[in-house]
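The values are calculated or read from the model by the stated rules, or taken from the named source; none is laboratory data. All of these numbers come straight from a predicted model, not from anything done at the bench. Positions of Cβ are backbone-derived with ideal geometry, glycine not excepted, and every protein chain shown enters the neighbour counts. Side chains included, ligands, DNA and RNA excluded: accessible areas come from the protein's heavy atoms. Shrake-Rupley method; radii C 1.70, N 1.55, O 1.52, S 1.80 Å.
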Amino acid sequence: MVEDRAPETPEGDEPIKRRKNGLYPAVSDELTEVMKSGWADTELRDLQPIEQAPYAAKRRAALSARFPGERLVVPAGNLRTRANDTEYPFRAASEYVHLTGDQTQDAVLVLEPNGDGSHDATAYLLPRSSRENGEFWLDGQGELWTGRRHSLTEGEVLLGLPCADVRKVADVLREATGPVRVVRGYDAGIEAALTDKVTAERDAELKEFLSELRLVKDEWEIGELQKACDSTARGFEDVVRVLDKAEATSERYIEGTFFLRARVEGNDVGYGSICAAGPHACTLHWVRNDGPVRPGDLLLLDAGVETHTLYTADVTRTLPVNGTYTDIQRKIYDAVYDAQEAGIAAVRPGAAYRDFHDAAQRVLTERLVEWGLLEGPVERVLELGLQRRWTLHGTGHMLGLDVHDCAAARTETYVNGTLEPGVVLTVEPGLYFQADDLTVPEEYRGIGVRIEDDILVTEDGNRNLSDGLPRRSDEVERWMAALKG
Ligand code: GLY
Ligand code: MN
Ligand code: MN
């Protein structure tokens, strides 16, 4: 902890950026004086560290051990302008969140190397707005406009690591000597300050390490992912209850209904919700969500709540809009269900990561051959990958802070790796028969089915974190009937 901190309020002669479109551009000296004083001391003195602080400290220790003697820079990222002085919602970079538990915009974590191979970590944050120089009300990012921030002293208690003023970090980095690495892609200003000192290859190694550090989740992260799945299950229930309203409007009603649950119980949705009714289910990333919802059609809903701590679920259910699958819908649905069962059964410690994909693809291929859509033998079809015309995508991916988590991990640790306890992945086989696919009988056309669950690898097998939602076709129908009342 930093003791004897200098006052956060700078002296009153610093220039203030004025908001560009204010109605009151001129500020009289008298008003300036009036605005400076008469404010209570609101420093929070009874804060406790955030729950994840000790876990983040362990992650920083692992990072330190991997890069002794090097300065490591991990930005949270900046606001992105939508137009003029409006911005897109901010969501901090996952690397920064994983290493600090913090979500502050513009923040930067710096690990300063010590001679003995260890590091000192500092979180550079924007402090409270100065009242003395007027920034709290005259600057667009002043607290009067955007809300109270934590003081640096409060930040130190919450995060359990020293905090400093982020407005100084670019100078600190520019003046620093010795090897440096930065996580790229989040903060152009920080990258510019380091431009002469870093290389793309070395920075990619840092990103890769941080991605691999997230492959195995700790107990706290598993708890957060469970919360994300539980909220997501409630969001799916919300959707079933309003399907009649969606029929009267569009897929947007479903998107909005799920979003309400995500915003009330969590931070946001973890990715754009796919609310795909009828043939839209065959468009893998259907996020326009502007189509009709018709009784007799299927609704493929792929959506996940992101918790307040930024862990997301990623769940898909394919539901009959009117509550009952038709024969052909049920035939396709049950094949996907069987494939998912085979995939989930292949998730266990020591298994190859690829096993669950191979297991699910085999079941789907067997059905496609059985239905006469592909000519056997199954082995030959699998070897040539011919089933992929209708299975389209991989059967899953890592899940965590990002929906497609650990994306910068090396092939040997991820796709060619081995599962171990603490890994969380999705198992999400699907079959998609495009509306204009002339190679299948007409009754198949326009039907898309995916079932997706979030599976934790345990010591002796796996646990389905999203089992709050039914998967079997008859159970889905009973669950829908109960919710529709
Ligand atoms: N929601 C994207 C995916 O399932 O991977
Ligand atoms: Mn999904
Ligand atoms: Mn997924």
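Accessible area ranking (1.4 Å probe, heavy atoms, ligands and nucleic acids excluded), largest first, for M480, M35: M35, M480.
Working from Cα pairs under 8 Å separated by at least six residues, relative contact order for segment 55-183 is 27 percent.
Residues whose amide H comes within less than 5 Å of that of I447, counting only those at least five positions distant or on another chain, are F433 (H built at 1.01 Å from N in the peptide plane). Computed from Cα atoms, the angle from the helix 53-66 axis to the main principal axis of the chain rounds to 90 degrees. Rounded to the nearest whole Hz, the Karplus-based 3J(HN,Hα) values (6.51 cos²θ - 1.76 cosθ + 1.60, θ = phi - 60°) of segment 273-279 follow the sequence 5, 9, 10, 10, 9, x, x, with x at glycine and proline.
Estimated from the Cβ-Cβ distance and a Förster radius of 51 angstrom, the FRET efficiency linking E51 and W371 is about 0.50.
Applying 1/(1 + (r/R0)^6) with R0 = 30 Å to the Cβ-Cβ distance of E420 and R234, what FRET efficiency is obtained, to the nearest 0.05? Efficiency, rounded to the nearest 0.05: 0.45. Here's the picture: charge each Lys and Arg Cβ at +1 and each Asp and Glu Cβ at -1 in segment 164-303, and of A276, L215, V183 the one pushed furthest to the positive end of that dipole is A276. Put a dot 7 Å past the Cα of A345, heading toward its Cβ, do the same for A40, and the two dots end up 6.4 nm apart. For K331, a cut-off of 27 angstrom between C-alpha atoms picks up these lysines, skipping any fewer than 8 places away in its own chain: K484. Working from Cα pairs under 8 Å separated by at least six residues, relative contact order for the chain is 13 percent.
Computed with every protein chain present, the accessible area of I328 is close to 30 Å² [probe 1.4 Å]. Here K168 is the anchor, and the lysines within straight C-alpha reach of less than 23 Å, apart from those fewer than 8 places off in the same chain, are K17, K197.
Each residue of segment 158-170 was assigned a 3J(HN,Hα) from its phi angle through the Karplus expression (A = 6.51, B = -1.76, C = 1.60, θ = phi - 60°), giving 5, 8, x, 8, x, 10, 9, 6, 5, 5, 9, 5, 4 Hz with x at Gly and Pro. Here the chain is assigned +1 on the Cβ of each Lys and Arg and -1 on the Cβ of each Asp and Glu. Its dipole about the Cα centre then comes out at about 840 debye. Relative to the dominant Cα principal axis of the chain, helix 355-370 is inclined by about 30°. Label zone (D334, point 7 Å along Cα-to-C-beta; backbone nitrogen cut-off 16 Å) within segment 464-480: 471-478.
A cut-off of 5 Å between modelled amide H atoms, ignoring neighbours fewer than 5 places along the same chain, links D218 with no other residue.
Distances between placed amide hydrogens fall under 5 Å for N322 paired with G296, D297, all partners being 5 or more residues away or on another chain. With the simple spin-label model, which puts each label point 7 Å out from Cα in the Cβ direction, the N322 to R148 separation comes to 5.6 nm.
Based on C-alpha pairs under 8 angstrom that are at least 6 apart in sequence, segment 157-261 has a relative contact order of 18 percent. Exposed loop sites are taken as trypsin sites (Lys or Arg not before Pro) in a DSSP loop (any state but H, G, I, E or B) with at most 10 other beta carbon atoms within 10 Å; the longest stretch of the chain without one runs 81-485.
For the chain, the Cα-based Rg and Dmax, in that order, read 26.0, 87 Å.
Axis of helix 200-212 versus longest Cα principal axis of the chain: the two differ by about 60°, to the nearest ten degrees. Treating r as the C-beta distance of K58 and K245 and R0 as 60 Å, the FRET efficiency rounds to 0.80.
Computed from label points 7 Å out along Cα-Cβ, the spacing between E383 and A407 is 3.6 nm. Cα to Cα, under 20 Å, and not fewer than 8 places away if on the same chain: which lysines meet these conditions relative to K58? Candidates past the 8-residue exclusion: K207, K217. When both segment 207-263 and segment 362-426 are represented by their alpha-carbon centers, they are found 23 Å apart.
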